(Lines give C-alpha, C1' and ligand atoms only; values in the text may rest on other atoms or scores of the structure.)
Protein backbone atom coordinates (compact mmCIF):
# COMPACT_ATOMS: atom_id res chain seq x y z
CA UNK A 1 0.00 0.00 0.00
CA UNK A 2 2.72 2.47 0.90
CA UNK A 3 4.69 4.42 -0.13
CA UNK A 4 1.64 5.87 -1.87
CA UNK A 5 3.67 7.58 -4.60
CA UNK A 6 5.55 4.36 -5.48
CA UNK A 7 2.30 2.45 -6.00
CA UNK A 8 0.77 5.27 -8.06
CA UNK A 9 -1.99 5.69 -5.47
CA UNK A 10 -1.37 9.43 -5.60
CA UNK A 11 -0.13 11.60 -8.47
CA UNK A 12 3.09 13.61 -8.46
CA UNK A 13 1.12 16.81 -7.93
CA UNK A 14 -0.72 15.34 -4.94
CA UNK A 15 2.65 14.24 -3.62
CA UNK A 16 3.80 17.87 -3.68
CA UNK A 17 0.59 18.91 -1.90
CA UNK A 18 1.28 16.27 0.77
CA UNK A 19 4.85 17.59 0.98
CA UNK A 20 3.43 21.00 1.84
CA UNK A 21 1.03 19.54 4.46
CA UNK A 22 3.75 17.34 5.97
CA UNK A 23 5.98 20.42 6.07
CA UNK A 24 3.31 22.29 8.04
CA UNK A 25 3.31 19.50 10.62
CA UNK A 26 7.11 19.43 10.67
CA UNK A 27 7.46 23.20 11.13
CA UNK A 28 4.66 23.37 13.70
CA UNK A 29 6.13 20.64 15.89
CA UNK A 30 9.67 22.05 15.69
CA UNK A 31 8.52 25.55 16.66
CA UNK A 32 6.13 24.34 19.34
CA UNK A 33 8.93 22.25 20.88
CA UNK A 34 11.17 25.31 21.13
CA UNK A 35 13.46 24.66 18.16
CA UNK A 36 13.04 28.27 17.04
CA UNK A 37 15.34 29.37 19.86
CA UNK A 38 19.09 29.04 19.27
CA UNK A 39 19.81 29.25 22.98
CA UNK A 40 17.48 26.32 23.67
CA UNK A 41 19.05 24.35 20.81
CA UNK A 42 22.62 25.03 21.94
CA UNK A 43 21.58 24.08 25.49
CA UNK A 44 22.03 20.41 24.70
CA UNK A 45 25.79 20.94 24.40
CA UNK A 46 25.98 22.45 27.90
CA UNK A 47 23.26 20.44 29.64
CA UNK A 48 21.08 23.40 30.62
CA UNK A 49 18.39 22.50 28.08
CA UNK A 50 18.31 19.08 26.46
CA UNK A 51 15.13 19.57 24.41
CA UNK A 52 17.08 18.73 21.22
CA UNK A 53 18.15 15.38 22.59
CA UNK A 54 14.66 14.51 23.83
CA UNK A 55 12.74 15.57 20.73
CA UNK A 56 15.31 14.24 18.27
CA UNK A 57 15.64 10.78 19.79
CA UNK A 58 11.93 10.43 20.64
CA UNK A 59 11.18 11.26 17.00
CA UNK A 60 13.82 8.83 15.74
CA UNK A 61 12.56 5.91 17.83
CA UNK A 62 8.91 6.74 17.05
CA UNK A 63 9.81 6.74 13.37
CA UNK A 64 11.73 3.47 13.61
CA UNK A 65 8.99 1.66 15.55
CA UNK A 66 6.26 3.05 13.30
CA UNK A 67 7.97 2.06 10.07
CA UNK A 68 8.87 -1.34 11.47
CA UNK A 69 5.25 -2.06 12.44
CA UNK A 70 3.84 -0.67 9.18
CA UNK A 71 6.18 -2.99 7.28
CA UNK A 72 5.27 -5.98 9.48
CA UNK A 73 1.60 -5.37 8.63
CA UNK A 74 2.58 -4.96 4.96
CA UNK A 75 1.25 -1.42 4.94
CA UNK A 76 4.54 -0.09 3.68
CA UNK A 77 7.17 -1.69 1.49
CA UNK A 78 10.43 -0.52 3.00
CA UNK A 79 12.33 -1.73 -0.07
CA UNK A 80 10.72 1.18 -1.94
CA UNK A 81 11.59 3.77 0.69
CA UNK A 82 14.56 5.85 -0.36
CA UNK A 83 17.66 5.34 1.74
CA UNK A 84 20.61 7.60 1.03
CA UNK A 85 23.78 5.79 0.03
CA UNK A 86 26.55 6.03 2.61
CA UNK A 87 29.83 7.49 1.41
CA UNK A 88 31.82 7.11 4.58
CA UNK A 89 34.43 9.88 4.34
CA UNK A 90 32.14 12.64 3.12
CA UNK A 91 29.45 11.67 5.66
CA UNK A 92 31.94 11.97 8.53
CA UNK A 93 33.61 15.15 7.24
CA UNK A 94 30.25 16.75 6.42
CA UNK A 95 28.96 15.85 9.88
CA UNK A 96 32.00 17.39 11.57
CA UNK A 97 31.60 20.63 9.61
CA UNK A 98 27.86 20.68 10.41
CA UNK A 99 28.59 20.10 14.10
CA UNK A 100 30.90 23.11 14.09
CA UNK A 101 28.23 25.12 12.28
CA UNK A 102 25.69 24.06 14.92
CA UNK A 103 27.70 25.18 17.96
CA UNK A 104 28.82 28.41 16.25
CA UNK A 105 25.55 29.35 14.55
CA UNK A 106 23.08 27.85 16.99
CA UNK A 107 20.78 26.42 14.34
CA UNK A 108 20.59 23.65 11.81
CA UNK A 109 18.87 24.29 8.45
CA UNK A 110 15.36 23.15 9.46
CA UNK A 111 15.36 24.99 12.76
CA UNK A 112 16.72 28.18 11.14
CA UNK A 113 13.70 28.29 8.82
CA UNK A 114 11.35 27.82 11.81
CA UNK A 115 13.09 30.56 13.79
CA UNK A 116 13.10 32.93 10.82
CA UNK A 117 9.36 32.43 10.33
CA UNK A 118 8.62 33.70 13.84
CA UNK A 119 10.92 36.71 13.39
CA UNK A 120 14.34 35.66 14.68
CA UNK A 121 16.72 37.95 12.83
CA UNK A 122 19.80 35.88 13.68
CA UNK A 123 18.10 32.92 11.95
CA UNK A 124 17.60 34.96 8.79
CA UNK A 125 21.34 35.68 8.72
CA UNK A 126 22.03 31.99 9.36
CA UNK A 127 19.93 31.12 6.28
CA UNK A 128 21.87 33.70 4.25
CA UNK A 129 25.12 32.13 5.40
CA UNK A 130 23.78 28.66 4.60
CA UNK A 131 22.98 29.63 1.01
CA UNK A 132 26.52 31.00 0.67
CA UNK A 133 27.89 27.75 2.12
CA UNK A 134 25.95 25.70 -0.45
CA UNK A 135 27.24 28.00 -3.21
CA UNK A 136 30.84 27.62 -2.02
CA UNK A 137 30.44 23.84 -2.06
CA UNK A 138 28.89 23.95 -5.53
CA UNK A 139 31.73 26.07 -6.92
CA UNK A 140 34.39 23.97 -5.21
CA UNK A 141 32.72 20.71 -6.28
CA UNK A 142 35.29 19.82 -8.99
CA UNK A 143 38.01 19.89 -6.33
CA UNK A 144 35.94 17.90 -3.83
CA UNK A 145 34.41 15.38 -6.22
CA UNK A 146 36.88 12.53 -5.57
CA UNK A 147 36.50 12.88 -1.80
CA UNK A 148 32.71 13.22 -2.15
CA UNK A 149 32.42 9.85 -3.86
CA UNK A 150 35.15 8.04 -1.87
CA UNK A 151 34.46 4.91 0.22
CA UNK A 152 30.98 4.14 -1.10
CA UNK A 153 29.40 1.61 1.25
CA UNK A 154 26.14 1.35 -0.72
CA UNK A 155 22.99 1.49 1.40
CA UNK A 156 23.80 -0.59 4.48
CA UNK A 157 21.48 -0.50 7.48
CA UNK A 158 22.78 -0.51 11.03
CA UNK A 159 21.19 -3.96 11.48
CA UNK A 160 23.19 -5.37 8.55
CA UNK A 161 26.38 -3.85 9.94
CA UNK A 162 25.74 -5.40 13.35
CA UNK A 163 24.38 -8.67 11.93
CA UNK A 164 21.20 -8.36 14.00
CA UNK A 165 17.49 -8.27 13.19
CA UNK A 166 15.90 -4.84 12.71
CA UNK A 167 13.65 -5.35 15.74
CA UNK A 168 16.59 -6.18 18.01
CA UNK A 169 18.50 -3.10 16.82
CA UNK A 170 15.45 -0.87 17.38
CA UNK A 171 15.01 -2.30 20.89
CA UNK A 172 18.69 -1.59 21.60
CA UNK A 173 18.34 1.99 20.35
CA UNK A 174 15.25 2.51 22.53
CA UNK A 175 17.21 1.36 25.58
CA UNK A 176 20.13 3.67 24.69
CA UNK A 177 17.69 6.54 24.15
CA UNK A 178 16.06 5.95 27.54
CA UNK A 179 19.53 6.20 29.11
CA UNK A 180 20.13 9.47 27.27
CA UNK A 181 16.75 10.88 28.36
CA UNK A 182 17.66 10.05 31.94
CA UNK A 183 21.03 11.79 31.49
CA UNK A 184 19.26 14.78 29.93
CA UNK A 185 16.82 15.13 32.84
CA UNK A 186 19.73 14.84 35.27
CA UNK A 187 21.75 17.50 33.41
CA UNK A 188 18.83 19.96 33.38
CA UNK A 189 18.50 19.66 37.16
CA UNK A 190 22.24 20.11 37.61
CA UNK A 191 22.55 23.11 35.27
CA UNK A 192 19.59 25.39 35.99
CA UNK A 193 18.25 27.62 33.25
CA UNK A 194 15.60 30.10 32.32
CA UNK A 195 13.24 29.89 29.35
CA UNK A 196 14.15 32.19 26.53
CA UNK B 1 -8.83 40.96 25.65
CA UNK B 2 -9.96 42.87 28.71
CA UNK B 3 -7.37 41.62 31.09
CA UNK B 4 -3.86 43.02 31.04
CA UNK B 5 -0.90 41.85 32.99
CA UNK B 6 2.24 43.73 33.89
CA UNK B 7 4.55 40.75 33.79
CA UNK B 8 5.40 38.98 30.55
CA UNK B 9 4.25 35.38 30.87
CA UNK B 10 6.96 32.79 30.29
CA UNK B 11 6.70 31.33 26.86
CA UNK B 12 5.14 27.88 26.67
CA UNK B 13 6.64 24.96 24.84
CA UNK B 14 5.28 21.55 24.06
CA UNK B 15 6.43 18.71 26.30
CA UNK B 16 9.58 17.50 24.45
CA UNK B 17 8.56 13.84 24.48
CA UNK B 18 5.12 14.70 23.08
CA UNK B 19 6.86 16.88 20.49
CA UNK B 20 9.18 14.01 19.65
CA UNK B 21 6.31 11.54 19.14
CA UNK B 22 4.49 14.06 16.92
CA UNK B 23 7.65 14.67 14.90
CA UNK B 24 8.08 10.90 14.58
CA UNK B 25 4.52 10.63 13.24
CA UNK B 26 5.23 13.37 10.69
CA UNK B 27 8.34 11.45 9.64
CA UNK B 28 6.33 8.22 9.28
CA UNK B 29 3.76 10.11 7.17
CA UNK B 30 6.52 11.38 4.85
CA UNK B 31 7.82 7.84 4.36
CA UNK B 32 4.34 6.40 3.92
CA UNK B 33 3.21 8.99 1.39
CA UNK B 34 6.36 9.91 -0.47
CA UNK B 35 8.73 7.04 0.29
CA UNK B 36 11.28 9.45 1.71
CA UNK B 37 12.12 11.28 4.90
CA UNK B 38 12.05 14.91 5.91
CA UNK B 39 14.72 17.42 4.95
CA UNK B 40 15.80 21.01 4.99
CA UNK B 41 19.18 21.58 3.36
CA UNK B 42 17.85 20.06 0.12
CA UNK B 43 15.56 23.06 -0.27
CA UNK B 44 18.56 25.40 0.17
CA UNK B 45 20.32 23.46 -2.58
CA UNK B 46 17.27 23.88 -4.88
CA UNK B 47 17.27 27.61 -4.19
CA UNK B 48 20.99 27.98 -4.94
CA UNK B 49 20.75 25.94 -8.15
CA UNK B 50 17.73 27.99 -9.27
CA UNK B 51 19.52 31.26 -8.48
CA UNK B 52 22.70 30.27 -10.34
CA UNK B 53 20.67 29.03 -13.30
CA UNK B 54 18.93 32.41 -13.49
CA UNK B 55 22.02 34.56 -13.02
CA UNK B 56 24.55 32.48 -14.94
CA UNK B 57 22.73 29.90 -17.11
CA UNK B 58 25.86 28.87 -19.04
CA UNK B 59 27.77 28.22 -15.85
CA UNK B 60 24.86 26.15 -14.48
CA UNK B 61 24.91 23.99 -17.60
CA UNK B 62 28.67 23.46 -17.45
CA UNK B 63 29.35 22.91 -13.76
CA UNK B 64 28.57 19.36 -12.62
CA UNK B 65 26.94 20.25 -9.29
CA UNK B 66 24.23 22.33 -10.99
CA UNK B 67 23.85 20.43 -14.23
CA UNK B 68 23.30 17.07 -12.51
CA UNK B 69 20.68 18.59 -10.25
CA UNK B 70 18.92 20.35 -13.13
CA UNK B 71 18.90 17.15 -15.13
CA UNK B 72 17.35 15.14 -12.28
CA UNK B 73 14.64 17.80 -11.85
CA UNK B 74 13.71 18.26 -15.51
CA UNK B 75 15.29 21.69 -15.52
CA UNK B 76 12.94 22.94 -12.80
CA UNK B 77 15.06 23.02 -9.63
CA UNK B 78 12.32 24.56 -7.50
CA UNK B 79 9.75 21.93 -8.43
CA UNK B 80 11.09 19.57 -5.78
CA UNK B 81 9.44 17.70 -2.91
CA UNK B 82 11.67 19.33 -0.32
CA UNK B 83 10.91 22.82 -1.62
CA UNK B 84 7.17 22.27 -1.08
CA UNK B 85 7.90 20.68 2.28
CA UNK B 86 10.02 23.68 3.34
CA UNK B 87 7.26 26.10 2.32
CA UNK B 88 5.05 24.06 4.65
CA UNK B 89 7.65 24.28 7.42
CA UNK B 90 7.63 28.08 7.19
CA UNK B 91 3.82 28.14 7.38
CA UNK B 92 3.68 25.55 10.19
CA UNK B 93 6.29 27.31 12.33
CA UNK B 94 4.52 30.63 11.77
CA UNK B 95 1.19 29.10 12.89
CA UNK B 96 2.82 27.74 16.02
CA UNK B 97 4.36 31.17 16.64
CA UNK B 98 0.89 32.72 16.36
CA UNK B 99 -0.69 30.13 18.63
CA UNK B 100 1.96 30.40 21.35
CA UNK B 101 2.35 34.18 20.87
CA UNK B 102 6.00 34.08 19.94
CA UNK B 103 5.97 36.26 16.82
CA UNK B 104 8.56 38.95 17.36
CA UNK B 105 11.45 40.42 15.40
CA UNK B 106 14.52 39.97 17.55
CA UNK B 107 18.11 38.85 17.66
CA UNK B 108 18.31 36.21 20.36
CA UNK B 109 21.66 36.03 22.11
CA UNK B 110 23.34 35.46 25.43
CA UNK B 111 23.58 38.63 27.55
CA UNK B 112 27.36 38.17 27.41
CA UNK B 113 27.60 38.94 23.68
CA UNK B 114 26.29 41.76 21.49
CA UNK B 115 23.65 41.39 18.77
CA UNK B 116 26.32 42.17 16.21
CA UNK B 117 28.54 39.34 17.41
CA UNK B 118 25.56 36.96 17.45
CA UNK B 119 24.77 37.82 13.83
CA UNK B 120 28.36 37.33 12.70
CA UNK B 121 28.39 33.94 14.44
CA UNK B 122 25.03 33.02 12.88
CA UNK B 123 26.37 33.80 9.40
CA UNK B 124 29.58 31.82 10.05
CA UNK B 125 27.60 28.87 11.40
CA UNK B 126 25.25 29.06 8.42
CA UNK B 127 28.12 28.96 5.93
CA UNK B 128 29.60 25.91 7.68
CA UNK B 129 26.24 24.15 7.90
CA UNK B 130 25.45 24.90 4.25
CA UNK B 131 28.80 23.55 3.10
CA UNK B 132 28.74 20.55 5.45
CA UNK B 133 25.20 19.56 4.48
CA UNK B 134 26.21 19.31 0.84
CA UNK B 135 29.36 17.33 1.63
CA UNK B 136 27.42 15.07 4.00
CA UNK B 137 24.44 14.64 1.61
CA UNK B 138 21.90 16.07 4.04
CA UNK B 139 21.57 17.85 7.36
CA UNK B 140 20.25 17.01 10.80
CA UNK B 141 16.76 16.29 9.46
CA UNK B 142 17.54 14.74 6.08
CA UNK B 143 20.63 12.75 6.87
CA UNK B 144 20.62 12.13 10.63
CA UNK B 145 16.95 11.96 11.71
CA UNK B 146 15.38 10.56 8.55
CA UNK B 147 18.33 8.22 8.04
CA UNK B 148 18.09 6.85 11.57
CA UNK B 149 14.35 6.19 11.21
CA UNK B 150 15.05 3.82 8.30
CA UNK B 151 18.05 2.43 10.23
CA UNK B 152 20.47 3.73 7.61
CA UNK B 153 24.07 3.23 8.74
CA UNK B 154 24.94 6.62 7.26
CA UNK B 155 22.20 8.27 9.34
CA UNK B 156 23.81 7.10 12.57
CA UNK B 157 27.29 8.18 11.39
CA UNK B 158 25.89 11.57 10.47
CA UNK B 159 24.16 11.98 13.85
CA UNK B 160 27.30 10.95 15.75
CA UNK B 161 29.52 13.30 13.72
CA UNK B 162 27.22 16.32 14.09
CA UNK B 163 26.48 15.98 17.80
CA UNK B 164 29.95 14.62 18.65
CA UNK B 165 31.57 17.70 17.09
CA UNK B 166 29.08 19.98 18.83
CA UNK B 167 30.01 18.51 22.21
CA UNK B 168 33.72 18.51 21.39
CA UNK B 169 33.69 22.22 20.50
CA UNK B 170 31.14 23.34 23.11
CA UNK B 171 33.79 24.40 25.63
CA UNK B 172 35.42 26.84 23.19
CA UNK B 173 32.15 28.59 22.37
CA UNK B 174 30.57 28.54 25.82
CA UNK B 175 30.63 32.33 26.24
CA UNK B 176 28.30 32.70 23.28
CA UNK B 177 25.60 30.61 24.91
CA UNK B 178 25.81 30.44 28.68
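The values are calculated or read from the model by the stated rules, or taken from the named source; none is laboratory data. Source: prediction; values computed, not measured. Counting neighbours? That spans all protein chains shown, and the Cβs are built from the backbone with ideal geometry, glycine included.
Observations, loosely collected:
- Residues of the stretch B:52-99 that turn out to be buried (at least 22 other Cβ atoms within 10 Å of the Cβ), in a loop (DSSP other than H, G, I, E, B) and without any contact (Cβ under 8 Å) to a residue 12 or more places away in the chain, as a count: 0
- Candidate set from the stretch B:17-26 (those that are closer than 10 Å to residue A:29 by Cβ and within 7 Å of chain A (Cβ to nearest Cβ)); member that is surrounded by the fewest Cβ atoms within 10 Å (Cβ to Cβ): B:25
- Checked against (1) under 25 Å from residue B:17 (Cβ atoms); (2) part of a helix (DSSP H, G or I); (3) at pLDDT 95 or above, residue A:107 passes all but a single condition, namely (2).
- In the stretch A:132-141, the count of residues that are surrounded by 24 or more Cβ atoms within 10 Å (Cβ to Cβ) and under 17 Å from residue B:144 (Cα atoms) is zero.
- Residue within the stretch B:125-145 that is more than 30 Å from residue B:60 (Cβ to Cβ) and buried (at least 18 other Cβ atoms within 10 Å of the Cβ) present: yes
- Just one of the listed residues (A:167, A:99) is on the phi < 0 side of the Ramachandran plot, facing chain B (nearest Cβ under 7 Å) and in a helix (DSSP H, G or I), namely A:99.
- All conditions but one from (1) under 30 Å from residue B:176 (Cβ atoms); (2) more than 7 Å from every other protein chain (Cβ to nearest Cβ); (3) in contact with a strand residue (DSSP E or B) (Cβ under 7 Å, 6 or more places away or on another chain) apply to residue A:120; the one that does not is (2).
- Filter pass, residue A:52 being more than 7 Å from chain B (Cβ to nearest Cβ), within 17 Å of the chain's Cα centre (by Cα), under 20 Å from residue B:15 (Cβ atoms) and at pLDDT 95 or above: yes
- The residues on offer are B:55, B:107, B:49, B:83, and the sole one that is at the interface with another protein chain (Cβ under 7 Å from one of its Cβ atoms) and either touching a helix residue (DSSP H, G or I) at 6+ places or on another chain (Cβ under 8 Å) or farther than 24 Å from residue A:19 by Cβ (or both) is B:107.
- Conditions (1) exposed (fewer than 15 other Cβ atoms within 10 Å of the Cβ); (2) in contact with a helix residue (DSSP H, G or I) (Cβ under 6 Å, 6 or more places away or on another chain); (3) within 17 Å of residue B:159 (Cα to Cα); (4) more than 7 Å from chain B (Cβ to nearest Cβ): number failed by residue A:176: (2)
- Meets criteria (under 16 Å from residue A:123 (Cα atoms), touching a residue at least 40 places away in the same chain (Cβ under 8 Å) and not in a helix (DSSP H, G or I)) for residue B:118: no
- Count of the stretch A:79-89 residues, restricted to those that are under 14 Å from residue B:155 (Cβ atoms) and assigned to a helix (DSSP H, G or I), is 1.
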